[in-house]
Amino acid sequence: MKTVGMSSLAAATGGAGLGSSWAADGAAGVNRDSTDAPADGTTRVTFKINGQTKQMDVAPNVILLDAIRDDLALTGTKKGCDHGQCGACNVHVNGRVINSCLSLAVMHDGDEITTVEGLSEPGRLHPVQQAFLDHDAYQCGYCTSGQMMTATYVLASEHIDSSDEAVREAMSGNICRCGAYKNILAAVQSARGKV
Ligand code: FES
Ligand code: FES
């Protein structure tokens, strides 16, 4: 089975809320003088997420998913299985799709990350988001953000052909417990050429 989600590390455990603090340009949170030394047992990482530069002091076992949800309060990205099997946690890192539950935050110094919150622009949904709405492509919505992150990658990829079969296979790492697959496929295909 050829799926798009890319797992960068499988051994990560632990909660970000227990092991990290962050500082951001003018954002709420624990403001930190960036010239201070990182807290004991943590490493300072700086990355860009949804266009904003963030600096975090993270313990070695903090996973990216927890850092995104718990420390940066970007809760659109969901924790489903926490084992790289469902795709609910998918985000883009440097233009690729990854399972953020299988990636350590400390590995992302200098990276560019996009979550579902970064897809839309003020007052305008991303074409994939609009297509999901237009095609009733979600029920409970829990898998939806991960589905959208994979879908935007699939539609932008030159290596995945446009057939229904190829799209299904590329998105097969995203599990929907509601079984909304038929409408998800219709939404993805209708957004083709608009991303
Ligand atoms: S929560 Fe990451 S793949 Fe399921
Ligand atoms: S819409 Fe409920 S899990 Fe997919």
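In this structure, the residue pairs whose Cα-Cα separation is over 28 Å, taken from K78/K194; K54/K79; K48/K182, are K48/K182.
Distance between the modelled labels on A156 and T75, one decimal in nanometres: 2.7 nm (7 Å Cα→Cβ projection).
Using a simple spin-label model with pseudo-atoms 7 Å out from Cα toward Cβ, L133 and N94 lie 3.4 nm apart. At 10 °C and 1.306 mPa s, what whole-number value in µm²/s does Stokes-Einstein give for the translational diffusion of the stretch 24-167, with Rh from the Kirkwood sum over Cα pairs? D = 98 µm²/s.
Expressed as cubic angstrom per residue, what is the convex hull volume of the alpha carbon set of the stretch 90-195?
Working: hull volume 11.6 nm³, N = 106.
Per-residue hull volume (Cα only) is 109 Å³.
Please report the accessible area of T144 (heavy atoms, 1.4 Å probe, ligands and nucleic acids excluded) in Å², nearest 10. For T144, solvent-accessible area is about 20 Å².
Show me the GluC sites (Glu not before Pro) within the stretch 97-195 that DSSP assigns to loop and that have at most 14 other Cβ atoms within 10 Å of their Cβ. Can you show the working numbers first?
Working: sites: E112, E117, E158, E165, E169; in loops: E158.
Here the GluC sites (Glu not before Pro) that fit, given the DSSP loop and packing criteria, are E158.
The values are calculated or read from the model by the stated rules, or taken from the named source; none is laboratory data. This is a predicted model, so every value here is computed, not measured. Ideal geometry is used to build each Cβ from the backbone, glycine not excepted, and the neighbour counts take in all protein chains shown. All accessible areas refer to the heavy atoms of the entire protein, side chains included, with ligands and DNA or RNA removed. Shrake-Rupley method; radii C 1.70, N 1.55, O 1.52, S 1.80 Å.
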